[in-house]
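Peer 1: Mind having a look at this structure? Questions to follow.
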2 protein chains.
Amino acid sequence: MKISVIGTGAVGQTIASKLTGLGHDIMIGTRNVAQKSASTLKDAYGNPSFSEWYKANSSISLGSFAESAAFGQIVINATHGGASLTALNLAGEKHLSGKILIDIANPLDFSKGMPPVLLPGLNNTHSLGEEIQNAFPEAMVVKTLNTMWCGLMVNPGMIGGGDHINFISGNNIGAKARVIVLLKEFGWRDENIIDIGDITGARATESLLPIWLKVMGVHNTAAFNFRLVM
Amino acid sequence: MKISVIGTGAVGQTIASKLTGLGHDIMIGTRNVAQKSASTLKDAYGNPSFSEWYKANSSISLGSFAESAAFGQIVINATHGGASLTALNLAGEKHLSGKILIDIANPLDFSKGMPPVLLPGLNNTHSLGEEIQNAFPEAMVVKTLNTMWCGLMVNPGMIGGGDHINFISGNNIGAKARVIVLLKEFGWRDENIIDIGDITGARATESLLPIWLKVMGVHNTAAFNFRLVM
């Protein structure tokens with residue numbers, strides 16, 4: 001399947017690589033193709049530069065936000081939450097309408113230092129997932145995978161035998177069912193995918209970020225998640 | 001040990017009964033002793049009225065907020081989050097100073113219908129735990145147990161062999177260590193008690209309520225919790 005990954009950071013790279021490995025055709029979208037493909041800067045965590053990663057993943061295409069969104073039958077928002085609406089507006093409403101738009105971003109505000117808080121106006125009674133759905137009413141926004149490190153998003157079996165949880169929310173039941181098919185390709189099992197209803201569920205999953213950041217600090221690893229005990 | 005439980009609802013009753021069973025001396029605090037002890041109203045969930053519960057728990061004393069706080073060597077805030085500061089102000093700063101004040105409440109706002117959201121001004125960059133610590137700087141506020149149903153707070157072994165998590169935060173390390181002794185009396189194990197640092201950790205644990213409410217709705221039970229998978 002042709003899939004657009006909007007965002008070239010660690011999350012976008014991880015998702016794009018995995019989808020390619022699964023046999024999908026991927027175009028990753030960026031604001032400025034020439035600048036991005038020439039980038040030799042390592043990221044804040046010391047990961048290889050985009051150009052190094054891009055050379056090592058030669059079957060992935062790189063395009064503008066709009067080219068990538070036009071290419072994909074499904075579009076994945078893997079940008080920083082604070083930049084998501086700008087990026088998706090550049091992608092263009094006409095390239096998102098009628099498509100499943102998987103939102104895996106979080107509205108983190110790093111402007112006040114570490115740890116980040118949630119962006120003003122995008123928490124508690126609001127959420128990034130809802131804002132994106134409101135901005136693109138003809139897209140079928142599905143919020144998922146945003147409560148864990150990207151390495152686990154595409155490889156849940158890395159810890160605990162893959163027995164830990166991933167939430168999904170969105171207004172369109174068919175779109176969620178289609179996304180669950182993709183999640184299963186990543187290794188997620190039905191019993192660990194918790195459908196929490198319409199896109200207002202994004203408020204609840206984005207609100208998990210503060211405790212996620214605390215636990216990461218305590219255990220000094222991002223390779224953890226939660227299992228439901230009943 | 002003499003312990004004050006501020007709040008006479010299901011949470012306060014559950015905590016008070018358990019502590020009594022463990023051999024502690026409990027005075028539960030209420031706004032109006034005469035009115036409360038005469039109350040024959042069942043609660044919103046159909047539980048017995050306070051007067052029925054009180055008759056069945058005759059070794060527990062009932063007093064005003066101030067009498068209860070004066071009685072306890074440790075004070076537990078088990079009020080609704082929206083009423084906590086009023087109740088604790090009535091309890092009186094002089095009865096809280098120098099004491100451990102265990103805050104198990106959540107700042108839920110039911111005024112906009114179900115499910116509740118977090119109270120304006122007490123979320124993201126603020127929290128109830130911090131507000132209480134700021135209001136009573138001489139008390140040692142410890143936030144814990146607020147991420148689960150009260151039945152599990154005092155009986156974690158009810159599900160999953162007790163192998164699920166409870167967060168603790170607070171500015172005073174000694175106070176947290178003392179509270180952990182009490183948590184172990186309830187059945188919590190060291191490896192499942194996650195110390196997330198100072199009282200700003202209350203932002204993170206109170207922010208778990210939205211996803212807790214969603215999962216409760218999906219599974220139609222409050223008897224669940226999360227286990228850390230690494």
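Peer 1: Quick check on chain A: helices-only [θ] at 222 nm, where DSSP H runs of length 4 and up contribute -39,500 (n - 2.57) each and the sum goes over total residues. Nearest 500, please. Let's see the in-between values first.
Peer 2: Working: 11 runs with 87 residues, N = 230.
Rounded to the nearest 500, the figure is -10000 deg cm²/dmol.
Peer 1: What residue among A:Val5, A:Leu182, A:Phe50 has its Cα farthest toward the positive end of the dipole of chain A, where the charges are +1 on Lys, Arg and -1 on Asp, Glu, each on the Cβ?
Peer 2: A:Phe50
Peer 1: Return the Cα extents of the protein assembly as shown along principal axes one, two and three, sorted largest first, each rounded to a whole Å.
Peer 2: 74, 40, 37
Peer 1: Treating only the Cβ atoms of Lys and Arg (+1) and Asp and Glu (-1) as charged, compute the dipole magnitude of the range A:67-204 about its Cα centre; round to the nearest 20 debye.
Peer 2: Computed charge dipole of the range A:67-204: roughly 80 debye.
Peer 1: Give the relative contact order (percent, whole number) for chain B; include only Cα pairs under 8 Å separated by 6+ residues.
Peer 2: So the answer I get is 17 percent.
Peer 1: What Rg and what Dmax come out for the range A:152-229 when only alpha-carbon atoms are used, in angstroms?
Peer 2: Over the range A:152-229's Cα set, Rg and Dmax evaluate to 13.0, 39 Å.
Peer 1: Would you mind checking which residues have amide H under 5 Å from A:Asp109's amide H? H placed 1.01 Å from N; only 5 or more apart, or other chain.
Peer 2: Here A:Val117, A:Leu118, A:Leu119 satisfy the definition.
Peer 1: Label position 7 Å from Cα toward Cβ: report the copy-to-copy distances for B:Gly23 in nm, one decimal, ordered from shortest.
Peer 2: Inter-copy label distances (nm, one decimal, shortest first): 6.6.
Peer 1: Could you work out the relative contact order of the range B:1-110? I mean the mean sequence separation of Cα pairs under 8 Å and 6+ apart, divided by the number of residues, in percent.
Peer 2: 31
Peer 1: Now, a different point. Roughly how big is the range A:30-120's charge dipole about its Cα centre, with Cβ charges of +1 (Lys, Arg) and -1 (Asp, Glu), in debye to the nearest 20?
Peer 2: My answer is approximately 120 debye.
Peer 1: Using a label position 7 Å from Cα in the Cα→Cβ direction, what is the ascending list of nm distances from B:Ala83 to the same site in the other copies?
Peer 2: 4.8
Peer 1: Just grab the label-to-label distance for A:Gln73 and A:Asp198, each label 7 Å out from Cα along the Cβ direction, in nm (one decimal).
Peer 2: 2.9
Peer 1: On to the next question. Determine the dipole magnitude for the range B:155-230: charges of +1 sit on the beta-carbon of Lys and Arg, -1 on that of Asp and Glu, nothing else is charged, the reference point is the Cα centre, and the result goes in debye to the nearest 20.
Peer 2: 100
Peer 1: I've got another one for you. Label B:Ile173 and B:Ala66 with points 7 Å out from Cα along Cα→Cβ: what is the distance between them in nm?
Peer 2: Result for the modelled spin labels: 3.8 nm.
Peer 1: I would also like to ask the following. Taking K and R as +1 and D and E as -1, what net charge do the other residues with C-beta under 9 Å from the C-beta of B:Ile132 add up to?
Peer 2: It works out to a net charge of -2.
Peer 1: Next up: Using a cut-off of 14 Å between beta-carbons, work out the net charge of the residues near B:Leu122 (Lys and Arg +1, Asp and Glu -1, B:Leu122 not included).
Peer 2: Once all neighbours under 14 Å are counted, the net charge is -3.
Peer 1: Take B:Asn57 and A:Thr40, extend 7 Å from each Cα along the Cα→Cβ direction, and tell me the distance between the two endpoints in nm.
Peer 2: In this crude spin-label approximation the distance works out to 7.0 nm.
Peer 1: On a full-extension model of 0.36 nm per residue, what is the gain between A:Asn47 and A:Glu191, subtracting their alpha-carbon distance, rounded to one decimal in nm?
Peer 2: On the way: separation 144, 0.36 × 144 = 51.84 nm, distance 3.35 nm.
That pair, A:Asn47 and A:Glu191, stretches by 48.5 nm at full extension.
Peer 1: Run down the lysines and flag those whose C-alpha is under 23 Å from the C-alpha of A:Lys55, throwing out any fewer than 8 positions away in its chain.
Peer 2: A:Lys2, A:Lys18, A:Lys36, A:Lys42
Peer 1: Averaged over its residues, how many other protein chain Cβ atoms are within 10 Å of peptide A:196-203's Cβ atoms?
Peer 2: Other-chain Cβ atoms within 10 Å of each residue's Cβ, averaged: 3.
Peer 1: Shortest first and in nm to one decimal, what separations exist between B:Ala38 and its copies in the other chains, measuring from label points 7 Å along the Cα-to-beta-carbon line?
Peer 2: So the label point of B:Ala38 gives 8.4 nm to the other copies.
Peer 1: So which residue, out of A:Gly82, A:Gly113, A:Gly151, gets the largest mean-square fluctuation from a GNM of chain A using Cα contacts under 10 Å as springs?
Peer 2: Its mean-square fluctuation being the largest, the pick is A:Gly113.
Peer 1: Calculate, in nm to one decimal, what B:Glu93 and B:Asp25 gain on full extension: separation in residues at 0.36 nm each, minus their alpha carbon distance.
Peer 2: Working it through step by step, the gained length comes to 22.3 nm.
Peer 1: May I pose another question? Looking only at other chains, what is the average number of their beta-carbon atoms within 10 angstrom of each beta-carbon in A:210-217?
Peer 2: Numbers: counts 13, 14, 1, 2, 11, 7, 0, 2.
Rounded to a whole number, the mean comes out at 6.
Peer 1: Moving to a separate point now. Looking at A:His126, A:Val33, A:Trp212, which one has the Cα that reaches farthest to the positive end of the dipole of chain A (charges on Cβ: Lys, Arg +1; Asp, Glu -1)?
Peer 2: Farthest towards the positive pole: A:Val33.
Peer 1: Determine the sum of side-chain charges near A:Phe71: Lys and Arg each +1, Asp and Glu each -1, restricted to other residues whose C-beta is under 14 angstrom from that of A:Phe71.
Peer 2: +1
Peer 1: Could I ask something else about it? Looking at chain B as a GNM with Cα springs under 10 Å, which of B:Ala78, B:Ala69, B:Ala56 has the largest mean-square fluctuation?
Peer 2: Of B:Ala78, B:Ala69, B:Ala56, the most mobile in the Gaussian network model is B:Ala56.
Peer 1: May I ask you to give the percent of accessible area on chain B that is carbon plus sulfur, with a probe radius of 1.4 Å?
Peer 2: 54
Peer 1: Please compute, for the alpha-carbon atoms of chain A, the extent along each of the three principal axes and give them in descending order in Å.
Peer 2: Principal axes ranked by extent give 49, 39, 37 Å for the Cα atoms.
Peer 1: What is the set of long-range amide H partners of A:Ile100 at a cut-off below 5 Å, with H atoms built 1.01 Å from backbone N?
Peer 2: A:Val75, A:Met140
The values are calculated or read from the model by the stated rules, or taken from the named source; none is laboratory data. Because the structure is a prediction, the values reported are computed rather than measured. When we count neighbours, we look across all protein chains shown, and the Cβ atoms used for this are built from the backbone with ideal geometry, even at glycine. Heads up: the accessible areas ignore ligands, DNA and RNA and are worked out on the full protein's heavy atoms, side chains in. Shrake-Rupley method; radii C 1.70, N 1.55, O 1.52, S 1.80 Å.
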